Amino acid sequence: MNQRRARGSSASLSRRHFAFGWLPFLRPKHISLNNARFRIVRHGNSRRHYLLIHGNEETARRVLLRFMETHEGTAFLIEGNTRNVSLEGGELDPNRMFSRAGAEANLKNLNPDWNPQRVNSALAVLDRGRERLLKALLPRDRGVLVALHNNSEAYSVKDEVDISDSVSLREPANPHAFFLCTDRSDFAILAMSPYNVVLQQSKPKEDDGSLSRLAAARGLRYCNLEVALGNADRQFEMLRWLNENVK
């Protein structure tokens, strides 16, 4: 009787471990939405999540992998080295797939020869997998998702000022390095940093399908860390400041 009880208890424990993912080797190492495939890197049990969504932003990739060696959290890094991913024989910017409206506009822009039926077929693929991906990417219990991006001369914090709710420009001479966040409490902390930061908390009038717009619409904590491509030291410095001060 005692042996049967012990075996039953052991089996129950194993089932619980499997169900809740307590055994590290049972956790998935990748998650995908069609051809947007993300490698998952975990360190410790922090609820902090990190994201690299554009494959060609190699500075951000190197910074995030280096950061994860010594800091707790879960990182999602898109595989490949191109900005866009393939979808149904065409192209899609993966940071435009988080709403149907944004994905539709992006597909039409990148694939001008597609007819409406082909666009709708691709949108159906995204609709089927979007929420599953978001469930993995978005941290629970009001945790913050930190996305790392690299930019070029064509984009800077100046492009965000007019559409932001609040702005703090501590480094106006360095507009390519900045934070974009969706939570006012996070903004208040980041505004005390020596860096540029903008708040975009209001629900956007135009949904471009980006993760920041989705976070604003749903009232989620999201922070985008932008620096110029190649400026790894500055991106690591800013990421460390955020990690130490935004809880």
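The values are calculated or read from the model by the stated rules, or taken from the named source; none is laboratory data. What you see is a predicted model; the values in this text were computed from it and never measured. Glycine gets a Cβ as well: all are built from the backbone with ideal geometry, and neighbour counts include every protein chain shown.
The table for this structure:
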read-out: Output for the stretch 102-146, where each listed residue is crowded, with 17+ Cβ neighbours inside 10 Å and charged (D, E, K, R); value: GLU104, ARG130
read-out: Condition met for SER193 (at pLDDT 95 or above, touching a Phe, Trp or Tyr at 6+ places or on another chain (Cβ under 7 Å), surrounded by fewer than 18 Cβ atoms within 10 Å (Cβ to Cβ) and not aliphatic (A, V, I, L, M)); value: yes
read-out: Qualifying residue in the stretch 139-152 (condition: farther than 17 Å from LEU225 by Cβ and free of Cβ contacts under 8 Å to residues at least 40 places away in the same chain); value: no
read-out: Residue within the stretch 64-77 that is out of contact with any Leu (no Cβ under 7 Å at 6 or more places or on another chain), assigned to a strand (DSSP E or B) and either at pLDDT below 95 or under 25 Å from GLY129 (Cβ atoms) (or both) present; value: yes
read-out: For MET97: the one exception among (1) under 21 Å from VAL41 (Cα atoms); (2) surrounded by 15 or more Cβ atoms within 10 Å (Cβ to Cβ); value: (1)
read-out: Pairs where the first residue, in the stretch 219-247, is more than 17 Å from ARG61 (Cβ to Cβ) and the second is small (Gly, Ala, Ser) and outside any helix (DSSP H, G or I), C-beta under 6 Å, 6+ apart; value: TRP241/SER193
read-out: Test: ALA154 is small (Gly, Ala, Ser), more than 24 Å from LEU65 (Cα to Cα) and at pLDDT below 95; value: yes
